[in-house]
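FYI, it's all coordinate maths here, none of it is from the lab. These numbers come from a predicted model, not from an experiment. Positions of Cβ are generated from backbone atoms using ideal geometry, with glycine treated the same way; all protein chains shown enter the neighbour counts.
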Amino acid sequence: MTDSTQLCDIGFVGAGVMGKNLILNLADHGYRVAAFDLDHKKLESVITQDLQENNGQARVVACSSYTELLSKLKQPHLVILSVPAGRPVDDVCSKLIDAGIEADDIVVDTGNSLWTDTVRREKFYEGKFIFFSTAVSGGEVGARFGPSLMPSGDPYAWTRIEPVWRAIAAKVDPETGRAIERYEPGNPVIHGEPCATYIGPSGSGHYVKMVHNGIEYADMQLICEVYQVMRDALGMSASQISAVFKEWNQGILNSYLMEISAEVLATRDSETGLPLVDVILDKAGQKGTGLWTAVSSLELGCPAPTIAEAVYARSISTLKEQRVSASTLLAGPVQDKPDEAKRLQVIKQLHDALYCAKICVYAQGFDLMKTAAVEHGWQLNFAEIAKIWRAGCIIRAVFLQSITDAYERNDELANLLIDPFFAKQISLNQMNWRRAVADATLTGIPVSALSSALSYYDSYRTAVLPANLLQGQRDYFGAHTFERTDKAKGKFFHVEWSETDRPMTKIK
């Protein structure tokens, strides 16, 4: 029999990049972890690093089977999974059932699962064990030293998991709203506001993470478009653009994505000596979460055009051979390189355009979460969601404190754009945004994300859109009916377009 004093606090399945770092993060915070992975080399790597970082004192115990894993744990069992989304999650759950997991035990999925799969699993495994989910953002560094965590599911399970997640999550200085960063093994950040909060019922956490990733797609594309304008229209080198991004990162555009973009642009290739970005092939990959966000926005009828454009931009980038061929056949405008004064003016325009478009991207993302909450009966706390994104996650930014403030002022805010602070910010900066989009268009540089964000803003602020003509068209060819501006809402009409005098009929 195992000595109860030697039993582990947490079981962990999956020792890949994210799993390994989460295990070590847990160990840094005083948790003894029993770990299992089908790949023994990955497990050995975790054990070796744990011993190195803790002066030869083991905090992680390697297990050779699911049965051994459960036998090494305190009861009731808490088992965390870090395995690929989809079938592997169910495979592990099935193996845990065979190994003797019990109804009061908790299994936590931290993978990048589709939120509807999480809802299905909670129902399917009910009575066998408690299936709980936690979406994790922050990449491998976040997992190691403090991620942003979006847990959802059984409220009872949350009471058991909360102290663990709050311990290992990224921390924010409550006074400044900025991340408290410390990248030292064995010396975790203890104080500050943890970037972990209970999101809501099953699936809601992974839905929120999905939207996070959609915003991430859009934010990255916006930065890339600004980079291309600087490169192609202004003739700036990678190092010059890096210097601008570093300067921007000191102000309202401060963010992790801006920081790493500047670093990528400043890095030189070890083989050629050229800027690394100039030898990276311009074909972007994607894992699907941005696509899921765009699809969800279409299904719910909630516009998120900039997120969708970011997905399309990645798709068109994969048409490399076609684009190279088309570049020799399709004409664009002749570009004149601007003088220094014009260059500085355009850089300022791009700064303001990026800021305004970023506001619109977050407005789209939070509106999508609000619409989904109504659709699925979730009670989402948007101020708390913005708070846990201030550190640890990929879209972490000082900007998120302003979003937190907006929802704390009004937790029923219809759209982020009508918050007084953000409305003023766009009012002050919109002309440079418009000039940046216009100039890019006139020089033939694609700015689909910057321009779609501007169209979203202009559509949202327009009292009368041309949808009246569209409804007329629909009624003409398909008798789809329409409402009238001079009649009560909910009363629909149809015109007999085929008749000479075109009489109108009230349908209901």
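Counting only Cβ charges, +1 for Lys and Arg and -1 for Asp and Glu, the dipole size of the chain around its Cα centre is about 820 debye. Computed from point charges on the beta carbon alone (+1 for Lys and Arg, -1 for Asp and Glu), the dipole magnitude for the stretch 4-202 about its Cα centre is near 80 Debye.
Set the Förster distance to 22 Å, then compute FRET efficiency between His29 and Asn55 from the Cβ-Cβ distance, nearest 0.05. The pair His29/Asn55 has a calculated efficiency of 0.80. Converting the Cα gyration tensor eigenvalues of the stretch 381-441 into ellipsoid dimensions via √(5λ) gives semi-axes, longest first, of 25, 16, 8 Å. The simple Förster model, with R0 at 35 Å and r as the Cβ-Cβ distance, assigns Glu126 and Arg474 a FRET efficiency of 0.20.
Spread over its residues, the convex hull of the C-alpha atoms of the stretch 4-202 is 111 Å³ per residue. For the stretch 159-195 versus the stretch 385-464, the inter-centroid distance based on Cα atoms is 28 Å. With a/c under 1.5 counting as rounded, go ahead and sort the stretch 467-506 into rounded, prolate or oblate using the C-alpha gyration tensor (a ≥ b ≥ c being the square roots of the eigenvalues; past the cut-off, prolate if a/b is larger than b/c, else oblate). Oblate, because a/c is 1.5 or more while a/b does not exceed b/c.
Put simply, the chain fits an ellipsoid with semi-axes of 44, 32, 21 Å; these come from the alpha carbon gyration tensor as the roots of five times its eigenvalues, largest first. By how many degrees, between 0 and 90 and to the nearest 10, does the Cα long axis of helix 467-478 differ from the longest principal axis of the chain? So the inclination is approximately 90 degrees. Computed from phi, the 3J(HN,Hα) profile of the stretch 278-286 under the Karplus parametrisation 6.51, -1.76, 1.60 (θ = phi - 60°) reads 7, 10, 7, 5, 7, 10, 8, x, 7 Hz, with x in place of Gly and Pro.
Sorting 433-440, 375-382 by average packing, meaning the other beta carbons within 10 Å per residue, from highest down gives 433-440, 375-382.
With each label modelled as a point 7 angstrom along the Cα→C-beta vector, the Thr328-Thr441 pair spans 3.1 nm. Expressed as a fraction of 2.2 N^0.38 Å, the C-alpha radius of gyration for the stretch 207-460 is 1.01. As a rough footprinting exposure proxy, the listed residues Leu329, Leu400 were ranked by other beta carbons within 10 Å of their own, and the order from fewest upward is Leu329, Leu400. Taking other Cβ atoms within 10 Å as a rough exposure proxy, Trp497, Trp248 sort from fewest to most as Trp497, Trp248.
Length available on full extension from Thr500 to Asp98: 0.36 nm per residue minus the Cα-Cα distance, which gives 137.2 nm. Tell me whether the stretch 125-200 comes out rounded, prolate or oblate; compute the Cα gyration tensor, take square roots of the eigenvalues as a ≥ b ≥ c, and use a/c under 1.5 as the rounded threshold. Prolate, because a/c is 1.5 or more and a/b exceeds b/c.
In the stretch 309-352, which residues have a backbone nitrogen under 17 Å from the label point lying 7 Å from Leu428's Cα in the Cα-to-Cβ direction? Residues 348-352 fall inside that zone. Set Lys and Arg Cβ to +1 and Asp and Glu Cβ to -1, take the dipole of the chain about its Cα centre, and tell me which of Thr176, Ser315, Ile106 lies farthest positive. Farthest along the dipole direction, towards plus: Ser315. For the chain, the longest principal axis of the C-alpha atoms and the axis of helix 256-266 are separated by about 80°.
Computed packing ranks the peptides 13-21, 110-118 as 13-21, 110-118, most packed first, by mean other Cβ atoms within 10 Å. Between Leu344 and Arg178, the contour length at 0.36 nm per residue exceeds the alpha carbon distance by 56.8 nm.
Taking Cα atoms only, the orientation of helix 289-300 departs from the longest principal axis of the chain by about 60 degrees.
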